[in-house]
1. Can you pull out every residue in the range A:337-351 that is open to solvent by 10 Å² or more (accessible area, probe 1.4 Å) and either at pLDDT 85 or above or within 18 Å of the chain's Cα centre (by Cα) (or both)?
2. Tell me, please, whether a residue that is farther than 30 Å from A:Ile39 by Cα and open to solvent by 50 Å² or more (accessible area, probe 1.4 Å) can be found in the range A:284-302.
3. Please specify each residue of the range A:197-217 satisfying the condition of being under 18 Å from A:Leu290 (Cα atoms) and in contact (Cβ under 8 Å) with a residue 40 or more places away in the chain.
4. Considering each of A:Ala143, A:Ala161, A:Ala197 in turn, give the residue that is closer than 22 Å to A:His296 by Cβ and assigned to a helix (DSSP H, G or I).
5. Suppose we filter A:Leu353, A:Leu338 for residues that are touching a residue at least 60 places away in the same chain (Cβ under 8 Å), away from every other protein chain (no Cβ under 13 Å) and closer than 29 Å to B:Ile325 by Cβ; which single one remains?
6. Of the residues A:Ser23, A:Ser30, only one is in contact (Cβ under 8 Å) with a residue 24 or more places away in the chain, of a type in the set (S, T, N, Q), open to solvent by 10 Å² or more (accessible area, probe 1.4 Å) and in the same structural domain as A:Ala197 (by TED's automatic domain parsing); which?
7. Looking at the range B:51-66, which of its residues are within 16 Å of B:Arg10 (Cα to Cα) and among the small types (Gly, Ala, Ser)?
8. Given the criteria closer than 23 Å to A:Lys147 by Cα, out of contact with any Gly (no Cβ under 7 Å at 6 or more places or on another chain) and within 11 Å of chain B (Cβ to nearest Cβ), does A:Tyr27 qualify?
2 protein chains.
Amino acid sequence: MPPITLESIRAARDRIGDAIYHSPCPYSLSLSRLCGCSIYCKLDHLQMTGSFKERGARNKLLLLTAAAHAAGQKEPGGVVAASAGNHALGLAYHGQLLGIPVAVVMPRWAPLVKVSNCRSFGAEIILHGETFDDARQHALELASRRKLSFIPAFDDPDIMAGQGTLGLEILEDLPDVDAIICPVGGGGLISGIATAAKALRPGVRIIGVEAEYAPTMHASLAAGKVRRVPTRPTLADGLAVAEVGQLCFEVARQLVEQVVLVSEVDIAKAILRLLELEKMVIEGAGATGLAAALTHGQRLQLAGKKVVLVLCGGNIDVTMISRIIERGMAADGRLARLTIDIPDRPGYLARALSLLAEHGANVKQVEHDRHFGPADVALVSVSVLMETRDAAHIQEIRAALQEAGMTFD
Amino acid sequence: MPPITLESIRAARDRIGDAIYHSPCPYSLSLSRLCGCSIYCKLDHLQMTGSFKERGARNKLLLLTAAAHAAGQKEPGGVVAASAGNHALGLAYHGQLLGIPVAVVMPRWAPLVKVSNCRSFGAEIILHGETFDDARQHALELASRRKLSFIPAFDDPDIMAGQGTLGLEILEDLPDVDAIICPVGGGGLISGIATAAKALRPGVRIIGVEAEYAPTMHASLAAGKVRRVPTRPTLADGLAVAEVGQLCFEVARQLVEQVVLVSEVDIAKAILRLLELEKMVIEGAGATGLAAALTHGQRLQLAGKKVVLVLCGGNIDVTMISRIIERGMAADGRLARLTIDIPDRPGYLARALSLLAEHGANVKQVEHDRHFGPADVALVSVSVLMETRDAAHIQEIRAALQEAGMTFD
């Protein structure tokens, strides 16, 4: 008996009702052109707290209320979770809407903005421990000490069924979808979507995607059982889970065709494409689906197919956006930095800059460093950051500098 | 007889059909909290070419085709427009879909990315003249010389009726809306929306918003006739029109309650809020509605009301986003730059940085300039860029530096 079924997902949907946004799933012309297939984006980052996590959280909270009522209690009592991310936000928000007290344990280093966001929904925030496991352990202790219900982030049939409502919506809006590409962290979302989608359309392919730095489902499927995998910091921080859920794994093993991995550069580029072409701020985890379609499109045989990318969250630190734009543009060849050695005499810097201008580079920043220059003391190093058209344009500029006798790297 | 009516807008909607996206208009929890009223965002930046302009362009093109057929011709012949922005993109895209050749005249300085975007939809791009008026003049000449239909950007009943379909959608999705805040450039969008919305719900308030640097409708309404107003470069570049349309003005005079002005800082903050809270990339023009609700909410008596912000476009240069994030964060007190004079001896820079760290500032960049420092040659200037919590936090840091005897500004 699988942990979730089409029926349990449909029941979840009836339960959560209009308090969860049936997010749109529009066709994207620009991404379709880039990927060579018909791309539709499921915009679940438009949920009130910026991610799909509300679906499972609300389903779970409503089931707790129903159970309390069935047991003759008026209220279900409080709940506790360990999360510094979207699960915490979704739970805090729906707890507040439903009048259920929510406590969240976060590691001590949790960013201030996440703490204050969660507090703004009335949640009690407890900072504890150095690692996420410490926080989780403390949340379990609190649950038993204070008689709170512990709400897992993914490995729970009610949470999984709630996430599965996203799959129902996709199939309703796009009944002839060929493939759904879904980011995988603990596996709650993909197992929910796969269960709903495969029940309604057995031929649809469910493709998982993980960051190379957190390949937990990939490794577990290869091993045939849940494997604990060391993760490294990744732009897709929402996917950095050391171990996928046992129940999630069992569903994924049955229903997920393939899990592909994407690199940090692929993720940065995908975030940039979504910003630039789709006008959407998507967090690293949410952008991995596009990264997979762009990088592995051929291997996944997507050509000509109707493909849904699950944009599952948009909670990215705004100060990180600038860095990602620069990294993505550099990867595109649209931003380049050259360090040029020029004679330390009047006119030579101007000559170098004129040369760049003649070749159409748009100089954004010049750093002129006298102290850490080349070995030859008659030269100085000038570091130039410039906007360029593409990699070929950068080559053209390098050739021109070379011809003018300038050394650089 | 007004230039457009509910009927002409309904006819436009039947005509353009599914080729225009009925964009969603979801409730925003975060913006509602900020503005003290119920904010809904009409996401028209999700049109294929990133703005509402497609609505009018497609309506106009289809009417040309119908007229050609009525005259016994097979095809309507080519069209020409002058625009370096969203009008050009919308026209090029729908011209390609409908098999109508599109020529666009842009000023010589038009950004490369706009030229190549338009070309990618098969349009012929002609670069001509230094100003927008030059380009427009040339487009009119081409129209007469090459027997092309000139497609105005706003002052045309078919264009205005097309833009009005956005108003129909708002009233369908939110029949009890109290106020609609709409950016004003030439006035095509607001006159279309006002006509549709007031016909369906006479009590709805239509509020226009312009950049302080391009207050053309504001000045014209005050003068009781269309006034030509010198504009200055603004973040809301899509609104920088020297003169509103005559027909648009006549509709606006009848149906628009109020036009408010917003500053460049207000616009930058609004773009940042939309990025950060709504996960949406909105161009300056599209963000002015939020800027108005944030800045003028009290004067506009929005408290407790259902308010729709028309997010009409998302075509902002991606390299500008970083600058806007920084500007908006600086305006929030979340980013600060201090230039500190410190003794040019080992250890003093470290001491200054430790002090900042103790007070919770997150240093992002340090520039240490020996050449252009203070008059006292024993001192050097260090410019420090840091993340801070708010204006009070910056005050706290300044006080701490002062107490430690450091001079800065």
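The values are calculated or read from the model by the stated rules, or taken from the named source; none is laboratory data. All values derive from a computational prediction rather than experimental measurement. Heads up, the Cβs are rebuilt from the backbone with ideal geometry, glycines too, and the neighbour counts pull from every protein chain shown. Accessible surface areas use protein heavy atoms only, side chains included; no ligands, DNA or RNA. Shrake-Rupley method; radii C 1.70, N 1.55, O 1.52, S 1.80 Å.
1. Result: A:Arg337, A:Thr339, A:Asp341, A:Ala350, A:Arg351.
2. No, the range A:284-302 contains no residue that is farther than 30 Å from A:Ile39 by Cα and open to solvent by 50 Å² or more (accessible area, probe 1.4 Å).
3. A:Arg205, A:Ile206, A:Ile207, A:Gly208, A:Val209, A:Glu210, A:Ala211, A:Glu212, A:Tyr213, A:Pro215 - these are the residues of the range A:197-217 that are under 18 Å from A:Leu290 (Cα atoms) and in contact (Cβ under 8 Å) with a residue 40 or more places away in the chain.
4. A:Ala197
5. From the options A:Leu353, A:Leu338, the qualifying one is A:Leu338.
6. Answer to the selection: A:Ser30.
7. B:Gly56, B:Ala57
8. no
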